[in-house]
Amino acid sequence: MIELHIVLVLMIIGAVVATEINDLLSSVIALGAVGFGLTLEFLLLRAPDLAITQLVVEILSVIILIRATIGTKICCDPIKTRAAYFVFAALFTGAFLAFSYRALAQLPAFGSPIMKMGAQYIQEAAAKTGAANIVSSVILDFRAYDTLGEATILFTSVIGVLAVLRLAGRNK
Amino acid sequence: MSIYILCLILFAVGLYCLLVKRNLIKKIVGLGIMEYAVNLFFILLGYRHNGQAPILDKEQAIVNMVDPLPQALILTSIVIGLGVMALMVAITVRLYEKYRTFDIGEIRRLKG
C-alpha cells in the first residue's frame, strides 16, 4: 500500500503549506488540496461513499472559506507571534505525538480490523434491510437515530449561520 | 503501522496551526486539518488487506470486506464538519466587519 503513504505525505506537505503561508487565499486553497488528497485516500481505502461525500463537502467548504477571505482588504498579513507561543505549542504537540505513539501499540495492526459489529452488519444487511450498500443500510437502518442526531446538528448550525449572517437586525 | 504515524503527524500539523496562529482564518484551517486527520484515522482502522468495498453484489460471495461501521459514522462526521465550518466562517465574517481585522489579539485590544 505504498500509494497510501505517498498521498498522505502529499497531504502533510499541503497542510504545512496551509499553515505557514502568509496569503490567506493561498492557505485556503492549500486546505482544499489536502481535502482532495483525503478523497483519494478514501478511494484507495475502499470507501466510495465517503469519497463522494468528501468531494462535495470539500468543494463547498473551499467556496465558503474563499467567500470569507476574498472581500478582505488585507490579503497578506504576516501576524507576528511571540516566542513563548512557539515553545508552548511545540511542547504540547510533542507531548501529544509521544503519547499517541505509545497508544499505537495497543491498536490492531493495519489491515486486520477487529470487526465485532461490522461482521454482523455485513452478514445481516441483505436479509434485514434489503440494501445492497451496507454503509447506507447502517446509517439509515441500523443506526438511524445517529443519523437523526446528525441532521439535528446540521440544521442547528444552519439556523446559527442564518442568525449570525441575517442583515435585518433591529438595531442597525 | 507507519501509516498511522503519518496520520498522527497530519493531526499534529493541524494542532500546531490551531495553537500558534493568531489569524482566525488560519485557526479554521487548522481545525479543518485536524478533522481530516481524525476522519482518515477511523477509516484506516477499518481497512482490511485486499478488502472490497462494502457493497453487496448478487452473484458475489461475502469474503473479505472492509469494516462498514467506521465508514457510516465518518459519513455523518464529514457533513457535521461542513456545518460547523460554515458557522465558524459566519462568525468570523461578522467579526471582520466589526473590527476590520482577523487577528484575535487585535480584536481583544479593540474590544477594550
Matching residues in the stretch B:9-19 - criterion: being farther than 20 Å from A:THR69 by Cα and within 7 Å of chain A (Cβ to nearest Cβ): B:ILE9, B:LEU10, B:ALA12, B:VAL13, B:LEU15, B:TYR16, B:LEU19
Residue satisfying condition, being outside any loop (DSSP other than H, G, I, E, B) and either in contact (Cβ under 8 Å) with a residue 60 or more places away in the chain or surrounded by 15 or more Cβ atoms within 10 Å (Cβ to Cβ) (or both), within set A:LEU91, A:LEU65: A:LEU65
Subset tally (residues that are more than 7 Å from every other protein chain (Cβ to nearest Cβ) and over 17 Å from B:PHE41 (Cα atoms)) for the stretch A:29-74: 17
Residue within the stretch A:157-166 that is assigned to a loop (DSSP other than H, G, I, E, B), modelled with pLDDT under 90, more than 8 Å from chain B (Cβ to nearest Cβ) and over 24 Å from the mean Cα position of the chain (by Cα) present: yes
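Please find, among A:LEU25, A:LEU40, the residue that is under 15 Å from the mean Cα position of the chain (by Cα), outside the structural domain of A:SER137 (by TED's automatic domain parsing) and in contact (Cβ under 8 Å) with a residue 24 or more places away in the chain.
Only one candidate passes the filter, namely A:LEU40.
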Among (1) within 7 Å of another protein chain (Cβ to nearest Cβ); (2) within 18 Å of A:PHE36 (Cα to Cα); (3) touching a residue at least 24 places away in the same chain (Cβ under 8 Å); (4) not small (Gly, Ala, Ser) - the single one B:ASN23 does not satisfy: (2)
Of all residues making up the stretch B:21-33, the number that are crowded, with 20+ Cβ neighbours inside 10 Å and part of a helix (DSSP H, G or I): 8
Residues of the stretch B:40-80 classified as part of a helix (DSSP H, G or I) and either hydrophobic (A, V, I, L, M, F, W, C) or more than 7 Å from chain A (Cβ to nearest Cβ) (or both), total: 16
Those residues of the stretch B:82-91 which are closer than 19 Å to A:GLU58 by Cβ and at the interface with another protein chain (Cβ under 7 Å from one of its Cβ atoms), in sequence order: B:LEU82, B:GLY83, B:VAL84, B:MET85, B:ALA86, B:LEU87, B:VAL89, B:ALA90
Candidates B:ALA53, B:ALA12 - the one that is at pLDDT below 90 and of a type in the set (Gly, Ala, Ser): B:ALA53
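The values are calculated or read from the model by the stated rules, or taken from the named source; none is laboratory data. Computed from a prediction, not measured in an experiment: that's the story for all the values here. Cβ coordinates were reconstructed from backbone atoms using ideal geometry, including for glycine residues, and neighbour counts include every protein chain displayed.
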